[in-house]
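Q: Take a look at the following structure, please.
The values are calculated or read from the model by the stated rules, or taken from the named source; none is laboratory data. Please read all numbers here as calculations on a predicted model, not as lab measurements. Every residue, glycine as well, gets a Cβ built from its backbone with ideal geometry; the counts of neighbours run over all protein chains shown.
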Amino acid sequence: MFYFANFKANKNEQGILDYFKVFNNFKNFNDEICFFLPLELIVNTNLIDKINFNIGVQDINICNAKDVEMLLNLGVKYTLIGHSERRIKFGETNEIIANKLSFLSKYNLCKVLCVGETFEEKENKFEVVCNQIFSALDNLNNFNQIVIAYEPIWAIGTNITPKALEIENMISFIKKCLSEKYKYNFPILYGGSVCKENITSFKTIKNLDGFLVGGASLDPQGFYNLIKS
């Protein structure tokens, strides 16, 4: 299973150091774990040297190849692409997201493509998500190191989540579409108000490969308990 923690802008340098003084002591993980940290803290500090887990960035600048190479040299392994905040607050279109994926395809970097519908799009959610995925992937020749994260935008940070069966239907739909069109088995994650109260039921969802966790990842013991539950 994948357990990806997106800290967004919730922790400063000292807060992250304090977090990993605790989390670094946890052992016996059989899962792929990654922490998505603020870019400025990765670039301007030596935090990565103090973290025993994979590190990712919450977005990446493709205007300058040197920026990507710098992050790789620092030890960054993952990047989010098309997170809802980028789509909504920064106006990132499907075309922009497709260009990012295309540019990054030549680098040894795992790309986590975030897709999901708004509240207003719920009635057409399958079409919306399908369009987001196909527009992002259609121009690629290599699908290695791409993970799909389904995050219904209306569920992010709201403590409102789809029922497990709704998520399962969407995950199965995504898997079927990807398999039929690209003949490739993409890992699929779920994100959107994942917490200790719902993680057990979500872990029973068929075809789900892991989770992208926001607020519930900010406490080290709580995130560890979520992973181990």
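Q: Which residues, taken from segment 169-210, are in contact (Cβ under 8 Å) with a residue 12 or more places away in the chain, out of contact with any strand residue (DSSP E or B) (no Cβ under 6 Å at 6 or more places or on another chain) and of a type in the set (Ser, Thr, Tyr)?
A: SER172, TYR182, TYR184, SER193, THR200, SER201, THR204
Q: Another question, if that's okay. Among the residues of segment 22-41, is there at least one that is of a type in the set (Val, Ile, Thr) and under 24 Å from LEU208 (Cα atoms)? Break it down into steps so the answer makes sense when it comes.
A: Kept after step one, since they are of a type in the set (Val, Ile, Thr), are these residues of segment 22-41: 22, 33.
In the following step, the residues that additionally are under 24 Å from LEU208 (Cα atoms) were identified as 33.
The answer is yes; a qualifying residue exists.
Q: Looking for whichever is part of a loop (DSSP other than H, G, I, E, B), of a type outside the set (A, V, I, L, M, F, W, C) and under 24 Å from ILE33 (Cα atoms) here; the options are ASN73, ASN52. Which one fits?
A: Of ASN73, ASN52, the one residue that is part of a loop (DSSP other than H, G, I, E, B), of a type outside the set (A, V, I, L, M, F, W, C) and under 24 Å from ILE33 (Cα atoms) is ASN52.
Q: Modelled with pLDDT of 90 or more and assigned to a helix (DSSP H, G or I), is that true of ASN25? Outline the logic, then answer.
A: Working: modelled with pLDDT of 90 or more: yes; assigned to a helix (DSSP H, G or I): no.
Judged against the criteria, ASN25 is not a match.
Q: Quick test of your reading of the structure: VAL147 fulfils all but one of (1) farther than 25 Å from GLN58 by Cβ; (2) buried (at least 18 other Cβ atoms within 10 Å of the Cβ). Name the failing condition by number.
A: (1)
Q: Restricting segment 150-159 to residues that are touching a helix residue (DSSP H, G or I) at 6+ places or on another chain (Cβ under 7 Å) and farther than 20 Å from ASN207 by Cα, which is surrounded by the fewest Cβ atoms within 10 Å (Cβ to Cβ)?
A: The first filter runs over segment 150-159 and keeps only residues touching a helix residue (DSSP H, G or I) at 6+ places or on another chain (Cβ under 7 Å), leaving 150-151, 153-154, 156-157.
With the extra rule that they be farther than 20 Å from ASN207 by Cα, the set shrinks to 153-154, 156-157.
Details: ILE153: 23, TRP154: 20, ILE156: 22, GLY157: 13.
Only one residue fits best here, namely GLY157.
Q: Next question, about the same structure. Against the conditions (1) at pLDDT 95 or above; (2) touching a helix residue (DSSP H, G or I) at 6+ places or on another chain (Cβ under 9 Å); (3) not small (Gly, Ala, Ser), where does THR45 fall short? Just the number, please.
A: The one condition THR45 does not meet is (1).
Q: Report yes if some residue within segment 148-168 is hydroxyl-bearing (Ser, Thr, Tyr) and touching a strand residue (DSSP E or B) at 6+ places or on another chain (Cβ under 8 Å); otherwise report no.
A: Initially, segment 148-168 is screened for residues hydroxyl-bearing (Ser, Thr, Tyr), giving 150, 158, 161.
Those left that are additionally touching a strand residue (DSSP E or B) at 6+ places or on another chain (Cβ under 8 Å): 150.
So far as segment 148-168 goes, yes, one or more of its residues are hydroxyl-bearing (Ser, Thr, Tyr) and touching a strand residue (DSSP E or B) at 6+ places or on another chain (Cβ under 8 Å).
Q: Out of ASN46, ASN30, report the one residue that is of a type in the set (S, T, N, Q) and either touching a residue at least 12 places away in the same chain (Cβ under 8 Å) or within 25 Å of ASN207 (Cβ to Cβ) (or both). Show your work before the answer.
A: On the way: ASN46 fails: either touching a residue at least 12 places away in the same chain (Cβ under 8 Å) or within 25 Å of ASN207 (Cβ to Cβ) (or both).
Exactly one residue qualifies, and that residue is ASN30.
Q: Being more than 23 Å from VAL147 (Cβ to Cβ), surrounded by 14 or more Cβ atoms within 10 Å (Cβ to Cβ) and either without any contact (Cβ under 8 Å) to a residue 12 or more places away in the chain or of a type in the set (A, V, I, L, M) (or both), is that true of even one residue in segment 74-83?
A: Scanning segment 74-83, I find no residue that is more than 23 Å from VAL147 (Cβ to Cβ), surrounded by 14 or more Cβ atoms within 10 Å (Cβ to Cβ) and either without any contact (Cβ under 8 Å) to a residue 12 or more places away in the chain or of a type in the set (A, V, I, L, M) (or both), so the answer is no.
Q: Of the residues ILE167, ILE146, only one is modelled with pLDDT of 95 or more and within 19 Å of LYS206 (Cβ to Cβ); which? Let's see the steps before the verdict.
A: Working: ILE146 fails: within 19 Å of LYS206 (Cβ to Cβ).
After applying the criteria, what remains is ILE167.
Q: If you go through segment 39-56, how many residues are buried (at least 21 other Cβ atoms within 10 Å of the Cβ) and under 15 Å from the mean Cα position of the chain (by Cα)?
A: So the first thing to find is which residues in segment 39-56 are buried (at least 21 other Cβ atoms within 10 Å of the Cβ), and the list is 42, 56.
Now narrow it down to the ones that are under 15 Å from the mean Cα position of the chain (by Cα): 56.
Going through segment 39-56 one residue at a time, the tally reaches 1.
Q: Quick one: in segment 116-127, which of the residues that are surrounded by fewer than 18 Cβ atoms within 10 Å (Cβ to Cβ) and touching a helix residue (DSSP H, G or I) at 6+ places or on another chain (Cβ under 9 Å) is nearest to MET170 (Cα to Cα)? Please lay out each step first, then the result.
A: Let us first name the residues in segment 116-127 that are surrounded by fewer than 18 Cβ atoms within 10 Å (Cβ to Cβ), namely 118-124, 126-127.
After this cut, where a residue has to be touching a helix residue (DSSP H, G or I) at 6+ places or on another chain (Cβ under 9 Å) as well, the list is 118-122, 126-127.
Values: THR118: 14, PHE119: 15, GLU120: 17, GLU121: 14, LYS122: 12, PHE126: 7, GLU127: 11 Å.
If we take residues in segment 116-127 being surrounded by fewer than 18 Cβ atoms within 10 Å (Cβ to Cβ) and touching a helix residue (DSSP H, G or I) at 6+ places or on another chain (Cβ under 9 Å), then PHE126 is nearest to MET170 (Cα to Cα).
Q: In the set ILE188, ILE156, which member is under 30 Å from ASN108 (Cα atoms), within 14 Å of the chain's Cα centre (by Cα) and at pLDDT below 95? Even if it seems obvious, please write down each step before you answer.
A: Details: ILE188 fails: at pLDDT below 95.
Sole residue among the options that is under 30 Å from ASN108 (Cα atoms), within 14 Å of the chain's Cα centre (by Cα) and at pLDDT below 95: ILE156.
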